[in-house]
Amino acid sequence: SDIRGSKTRQTATSKPTAPKHNGTAYVLTCGKLSVRKSATTMSRKVGEYYKGQTFYVIRWQGNWAQLESGNWMCAKKYCRRAD
């Protein structure tokens, strides 16, 4: 019988990479804002962001931010760029 130790191959541990996002990162500065399907308060609400949460904006249309998901949030005066 063959009595060889198992050779364990050690590889350098790589750092996990941050997920890729589209757009510029912003942080919400107010209590809560609604995410909507289109850039109007009459459109369907599809989610919310809370103070301190980060979101990614791909474009601005007036006060409305189009998020990387394609949805919209009226956030112009309620956000700051994330560092």
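Taken together, the values in this text are just the output of simple stated rules run on the coordinates, not laboratory data. Predicted model, so just to flag it, every value in this text is computed and none were measured. Neighbour counts run over all protein chains shown; Cβ positions are idealised from the backbone, glycine included.
Observations on the structure shown:
- Cross-link table Lys32/Lys77; Lys20/Lys77; Lys20/Lys45; Lys20/Lys76, entries beyond 19 Å C-alpha to C-alpha: Lys20/Lys77; Lys20/Lys45; Lys20/Lys76
- Computed over neighbours whose Cβ is under 10 Å from that of Val27, the net charge equals +2, Lys and Arg +1, Asp and Glu -1.
- Local electrostatic count at Leu67 - Lys and Arg +1, Asp and Glu -1, tallied over other residues with Cβ under 13 Å: +1
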